[in-house]
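Scroll down for the structure; my scribbles are underneath it.
The values are calculated or read from the model by the stated rules, or taken from the named source; none is laboratory data. Predicted model, so just to flag it, every value in this text is computed and none were measured. Here the Cβ positions follow ideal geometry from the backbone for every residue, glycine too, while neighbour counts run over all protein chains shown.
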Amino acid sequence: MATGGGRGVHHVVWCVWPESWPAVRAFWEKVIGVPLDELDLADLGLKVLVSWHGGVEVMTPAYQTGTMSDAARRFLVERGEGVYAVVYDVRNIEEVVSSFTAHGGRLLFRKPISADEVDERKLSDGERFSILHAGFDDHLGMRIVLQEVVPEPCE
């Protein structure tokens with residue numbers, strides 16, 4: 001059993017078609033009352049609506065190219081709109097990734113998000129940190145992304 005330990009669910013990621021974008025935004029903001037920030041992540045091929053305080057992220061494949069656009073479209077074709085992944089905070093990502101893969105999890109990606117990228121993507125409320133994250137393919141009916149927040153030392 002991994003002792004890297006989790007801190008809990010950070011947020012849930014939904015994937016929707018671009019045509020649903022306005023209705024999804026209106027639902028979260030007007031019906032549920034969760035203000036969302038819009039991020040244009042062209043390098044990923046996505047547009048994202050996010051509320052870190054609300055634990056909500058909605059993504060759509062807005063571009064023909066990008067590191068995530070094909071995966072998002074494939075998900076939509078195969079499953080339709082819905083929960084894409086659950087992002088779970090852990091304390092020791094290397095240990096949990098090792099445990100997950102030892103128990104049959106198939107790693108799809110492992111990529112750090114630098115403190116500068118965190119700032120550019122508005123993932124912080126002013127704190128300076130980087131994020132280590134690793135995403136896994138479907139496992140036991142779940143798609144999990146692990147993340148470890150790494151505080152940056154004060155200068």
Inside segment 87-110, the number of residues satisfying the requirement of being surrounded by fewer than 16 Cβ atoms within 10 Å (Cβ to Cβ) and within 26 Å of Thr60 (Cα to Cα) is 5
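With the condition being in contact with a Lys or Arg (Cβ under 9 Å, 6 or more places away or on another chain) and touching a residue at least 40 places away in the same chain (Cβ under 8 Å), I'd like the strands (runs of 3 or more DSSP E) fully within segment 1-118 carrying at least 2 qualifying residues. I'd like the intermediate steps shown before the answer.
Numbers: elements: 6-15, 37-41, 46-51, 56-61, 82-90, 107-113.
In segment 1-118, the matching strands (runs of 3 or more DSSP E) lie at 6-15, 37-41, 56-61, 82-90.
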Which residues, counting only those in segment 59-79, are at pLDDT 95 or above and exposed (fewer than 14 other Cβ atoms within 10 Å of the Cβ)?
-> Val77
Look at segment 15-40 and say how many of its residues are in contact with an Asp or Glu (Cβ under 7 Å, 6 or more places away or on another chain) and surrounded by 13 or more Cβ atoms within 10 Å (Cβ to Cβ).
-> 5
Which of the residues belonging to segment 84-109 are hydroxyl-bearing (Ser, Thr, Tyr) and within 27 Å of Leu49 (Cβ to Cβ)?
-> Tyr84, Tyr88
Test each condition in (1) over 21 Å from Gly45 (Cα atoms); (2) in a strand (DSSP E or B) for Ser124 and report the one that comes out false.
-> (2)
Scanning segment 115-151 residue by residue, those over 16 Å from His10 (Cβ atoms), surrounded by 14 or more Cβ atoms within 10 Å (Cβ to Cβ) and in contact with a strand residue (DSSP E or B) (Cβ under 7 Å, 6 or more places away or on another chain) turn out to be Ala115
Matching residues in segment 47-58 - criterion: being modelled with pLDDT of 95 or more and either more than 14 Å from Val24 (Cβ to Cβ) or among the charged types (D, E, K, R) (or both) | Lys47
Among the residues of segment 12-21, is any closer than 18 Å to Gln147 by Cα and either of a type in the set (D, E, K, R) or touching a Phe, Trp or Tyr at 6+ places or on another chain (Cβ under 8 Å) (or both)?
-> yes
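Kindly evaluate Ser130 against the criterion of being part of a strand (DSSP E or B), under 17 Å from the mean Cα position of the chain (by Cα) and without any contact (Cβ under 8 Å) to a residue 40 or more places away in the chain.
On the way: part of a strand (DSSP E or B): yes; under 17 Å from the mean Cα position of the chain (by Cα): yes; without any contact (Cβ under 8 Å) to a residue 40 or more places away in the chain: yes.
Spelling it out, Ser130 is indeed part of a strand (DSSP E or B), under 17 Å from the mean Cα position of the chain (by Cα) and without any contact (Cβ under 8 Å) to a residue 40 or more places away in the chain.
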